[in-house]
Structures are given as structure tokens and as C-alpha cells.
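S.K.: Okay, here's the structure, questions in a sec.
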Amino acid sequence: MNLAGIAVSPFLAIHKLRRYVAYRNIDEINPERWIIKPLNPAATAVARAKPGPHVMIVGASFGELLLMERVTEELEAKLGPVGISWVLRDRETIRQAAQFHPDRSLAYWPFDSVFPVARLLNSMKPDLMVMTERYRAANLVVGASRMGVSTVLINGRWRRRASVVEGIQRGYARKLLRSFQTLLFQSQTHLDSAKPLLDPEQVVKITGDLKYDLRQKELEPEAVASLEAWLGKGAPLLAAGSTDVPAEEEMVLTAFMAVRAQTPCRLLLAPRRPNRRDEILKMLERYGLKASFRTEPTEGADVFILDTMGELAWAYRYSVAAYVGGSFSGMGHNVIEPVGYGLPVTYGMRRGHFESMQKLCERHGVGFRVGDATELSGIWRRALLDKEFADGVRAKGAALVEDQRGAMRTTIDALEAEIVAMRKRGGRAA
């Protein structure tokens, strides 16, 4: 596999540069994901010194960080002192983790090649590695397993692909999945898709989706007061969170202009990457819209741009309807956060990683796929003008979220059993 990676490396480099140019996403080329080392060595030393095992939880971006925070909190509450390190991919997410958890051991998720993976495993020296949702990193997973690190997948997904693709990937996929000692899947559908590739001796369970069990991240009182002063007064607020590409924001702005032509409203826009500020401003100028940034609030704005991390989930509470981005051209983002506030949630036509969650919302009448600005404006208009529709969504959304909870307890029980067994063995995997 690594020889194949070397063979196609020029094409991969071009692909990464193209994505960086298109989206200004430094994580595509970040050198810190190649030259891996603990970001705070003292905290890593403390984590490794705690009563074994040393647990390394791996996640991609901010959504996974929220899961990692909750899993860590639950494990430490049940087991007392546990050495836990976090490995994250995105630079901005790492900054957030360092800011709010200055004593937590941190490292970058390496590019999936032998050298950076070996650097991570040799510098962090984990005994137990927990992959959170995203795990198709064969060098990391297989390499950890071969080094005697116990490997666990939580909130796992696996979906069937076209038969030709499955045939080509079968050997790779089998090796990857069989390197996990324990696999905790979100649903029976995901388990059934992966089952032909698994070993009968692996521990496999269905836990449900951890995202339904996430609690609202608490903000400092000063941050809450300032956010409320920024968003809490004025015409009803429509929200568009985690938008990824200009075409998606064009659709959102066109829909907003159509709705605003009929009834007063404002727009909360939260681009996935705050560094797109200038690009967003130019777009708003073409629409004749005045912007107010979270970091630089101004009076009389039409569009409120959330250019901070970690506040979007809280900001949804000031809205009457939400569009969740990423499903216009990417793999989507978590749609359940606005549903928890009783909002009708809309998203693009691509299911991506959130197919089961989207379909569940649709069955309950709180989620709506939209293909263009006309469809989006139609849902937003109903949320603003149809009280019966808005009240119905609010009641159904609360019931949906409550009914889906429970995955966290099952996941923590499985991880607790793994850690207790490793402690009895002296810390390391059998």
C-alpha cells in the first residue's frame, strides 16, 4: 500500500495543492502533520505517568473534538485518573483544544504514511488507541495494532459501495477493519455492511450515534452575554452554519433575499473556515448586504458572520430555522444541533456521512433536503410565517433527540471494560 502511495504521490500532491488553493484549507498541506511530536510534552509525560493504560483518542475536526471531550469526561468520572491524550487533524481545532484544555496532551493526526505515523506512535507511546468515526487511515490503524496497541473504533460507520469498488478495496478494507480489537457501530446497517470483512473473534457492538448524546457546550457568562447582545434582538434570525464553498453561500444568500422581500428577517452565517472573511465580504457587497462580525460587531447589520470557533451550536438558539452546510458539495455536517432547539433543519442533496441522521429527521418531519435557493426559501418562509408548522417541528424535534439518546452509556461501558482489562494485564494490550 505504501509503495502504491509513493507511485501516485505526485498526483496526490497536486490534488492537495488544488484543494488548498480552492478552499484555503491549511490542513491539506500542514507540515506539522508530517513532522509529528507532542504539542505539549509535559502534559504527555503526565498522561503516560497516570495509572495505565495511556489512552490516545483520535478525531478529525471540531465535531469529533466535542465527542472526545464528552468521552474523556465520562471515562475520568468512572475510572478516576486516566492518562488520555487527544490527536486531532485540523489546526484550528487543535488551537481550540489547547485554549480550553491547556493541560491536555495533544498531537496532530499524521498524514497516513509510514514516517509520520511512526513518529506519532513512538512519541506518544499509547497503550489503547480510540478512533472516533473517521478511521480509514490504514498505516495508523494497522501500524498501531502491529506495535501491540489495542485499537477500538467508536461511533463507527461503514457503507457498501459499488461492487467494482468493493472488489478493488476488499483486501485493504479487510486488513483495516480486522486491525481493530473492538468495533462499536452506529447502527445495524453499518454493521451489516462491514460484517463480511470482519473476523468472528472481534468484539462488535451496536451503540447508536454518540452525537445525540452531546450536551450543549457551556460558554463563559461573558461570552453568552456578548453573543446574546449581538444576536438576541431584532427581526427573526435565520441561520446557515458550516457552509463550505462559495456556491453554497450564494444559494443561502439568494434564499435569504427572497424571504426578506416578504417578511423582515436577519441572517446568521457561520462559514466552516473563518479565514474566508474577505471572500464572504465581497459576496455580501454584491447583494447590497451589511455585515456584522462576531469579532467586530457593528450596528444595523443584515448578516451576522460568526467568525469564531465553538459558538455555533449555542448561537442556533437565537434562530427560527437553520441550514447546515457541507452537503452541497462535501460530506455534510451534524444536523442534529439545531433540531435540539426545535428548529426545522435544511441541508443540501448530498447525504455524505450523515445519511442516517438526515433520513431520521425527514421521517420525523423536522429535516428537509433542498436542492436550490427556491426550496430553501420555502422552508424558511414556513418557519417564519406558519406558526402551526413551527410549533409542530419544535415538539417533534425534542422527541426525536430524546428517543435517540443512550449511545454514550454503551460506548463508555465498552471502553471501561477495555481499560479495566488492560490494567489487570499491567497496562498494555495482550
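The values are calculated or read from the model by the stated rules, or taken from the named source; none is laboratory data. Please read these numbers as outputs of a predicted model, since none were measured by experiment. All Cβ positions, even for glycine, are placed from backbone atoms using ideal geometry, and neighbour counts span all protein chains on display.
S.K.: Residue under question is Ala118, and the condition is that it be assigned by TED's automatic domain parsing to the domain that holds Thr151, under 16 Å from Asn30 (Cβ atoms) and not in a loop (DSSP other than H, G, I, E, B); does it hold?
M.R.: So Ala118 does not fit the description; no.
S.K.: Moving on to the next point. Could you check region 23-78 and list, in sequence order, the residues that are free of Cβ contacts under 8 Å to residues at least 12 places away in the same chain and either within 21 Å of Phe111 (Cα to Cα) or aliphatic (A, V, I, L, M) (or both)?
M.R.: If the condition is that a residue be free of Cβ contacts under 8 Å to residues at least 12 places away in the same chain and either within 21 Å of Phe111 (Cα to Cα) or aliphatic (A, V, I, L, M) (or both), then Pro31, Pro41, Ala42, Ala45, Ala77 are the ones that fit.
S.K.: Related question: If a residue has to be within 20 Å of Leu153 (Cβ to Cβ) and not hydroxyl-bearing (Ser, Thr, Tyr) to count, how many in region 112-135 make the cut?
M.R.: Residues flagged as within 20 Å of Leu153 (Cβ to Cβ) and not hydroxyl-bearing (Ser, Thr, Tyr) within region 112-135 amount to 13.
S.K.: Residues in region 251-298 that are part of a loop (DSSP other than H, G, I, E, B), within 29 Å of the chain's Cα centre (by Cα) and either surrounded by fewer than 17 Cβ atoms within 10 Å (Cβ to Cβ) or not assigned by TED's automatic domain parsing to the domain that holds Gly310 (or both): how many?
M.R.: Result for region 251-298: 3.
S.K.: Give me the pairs, please: first residue somewhere in region 233-255 and more than 16 Å from Ser377 (Cα to Cα) and β-branched (Val, Ile, Thr), second residue anywhere and at pLDDT 95 or above and part of a helix (DSSP H, G or I), beta-carbon distance under 6 Å, and either six or more positions apart or on two chains.
M.R.: So the pair list comes out as Thr243/Glu249.
S.K.: Would you check which residues across region 249-295 are acidic (Asp, Glu) and either closer than 18 Å to Ala373 by Cα or at pLDDT 95 or above (or both) and list them?
M.R.: If the condition is that a residue be acidic (Asp, Glu) and either closer than 18 Å to Ala373 by Cα or at pLDDT 95 or above (or both), then Glu249, Glu250, Glu285 are the ones that fit.
S.K.: Taking Ala407 as the residue in question, decide whether it is surrounded by fewer than 16 Cβ atoms within 10 Å (Cβ to Cβ) and touching a residue at least 40 places away in the same chain (Cβ under 8 Å).
M.R.: no
S.K.: Say whether the condition of being touching an Asp or Glu at 6+ places or on another chain (Cβ under 8 Å) and of a type in the set (S, T, N, Q) is met by at least one residue in region 138-145.
M.R.: yes
S.K.: Moving on. Would you pick out the residues in region 126-141 that are at pLDDT 95 or above and in contact with a Lys or Arg (Cβ under 7 Å, 6 or more places away or on another chain)?
M.R.: Asp127, the sole residue that qualifies.
S.K.: On to the next question. Of all helices (runs of 4 or more DSSP H) completely enclosed by region 325-387, which ones contain at least 3 residues that are among the charged types (D, E, K, R)?
M.R.: 355-363, 373-385
S.K.: Buried (at least 20 other Cβ atoms within 10 Å of the Cβ), of a type in the set (D, E, K, R) and more than 26 Å from Gly83 (Cβ to Cβ) - does that describe any residue in region 122-141?
M.R.: No, there is no match, as no residue in region 122-141 is buried (at least 20 other Cβ atoms within 10 Å of the Cβ), of a type in the set (D, E, K, R) and more than 26 Å from Gly83 (Cβ to Cβ).
Yes/no per residue for (1) touching a strand residue (DSSP E or B) at 6+ places or on another chain (Cβ under 9 Å); (2) crowded, with 24+ Cβ neighbours inside 10 Å:
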| position | (1), (2) |
| --- | --- |
| Leu312 | yes, no |
| Arg317 | no, no |
| Gly326 | yes, yes |
| Gly330 | no, no |
| Val339 | yes, yes |
| Val345 | yes, yes |
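S.K.: In addition: Collect the residues in region 175-204 that are surrounded by 16 or more Cβ atoms within 10 Å (Cβ to Cβ) and either under 30 Å from Pro297 (Cβ atoms) or basic (Lys, Arg) (or both), keeping them in residue-number order.
M.R.: Correct list: Arg178 only.
S.K.: Give the residue that is surrounded by the fewest Cβ atoms within 10 Å (Cβ to Cβ), with candidates limited to residues of region 77-96 that are of a type in the set (A, V, I, L, M, F, W, C) and within 17 Å of Asn30 (Cβ to Cβ).
M.R.: In this case the residue turns out to be Ile94.
S.K.: Is it true that Phe354 is in the same structural domain as Gly325 (by TED's automatic domain parsing), of a type in the set (A, V, I, L, M, F, W, C), within 30 Å of Glu133 (Cα to Cα) and within 19 Å of the chain's Cα centre (by Cα)?
M.R.: So Phe354 passes the test.
S.K.: A further question on this structure: For region 83-118, enumerate the residues that are over 30 Å from Asn275 (Cα atoms) and at pLDDT 95 or above.
M.R.: Gly83, Ile84, Ala118
S.K.: Here's another thing I want to ask about it. Output the strands (runs of 3 or more DSSP E) that fall wholly within region 170-245 and possess 2 or more residues being closer than 27 Å to Gly342 by Cα and modelled with pLDDT of 95 or more, or say none.
M.R.: Hits in region 170-245: 237-243.
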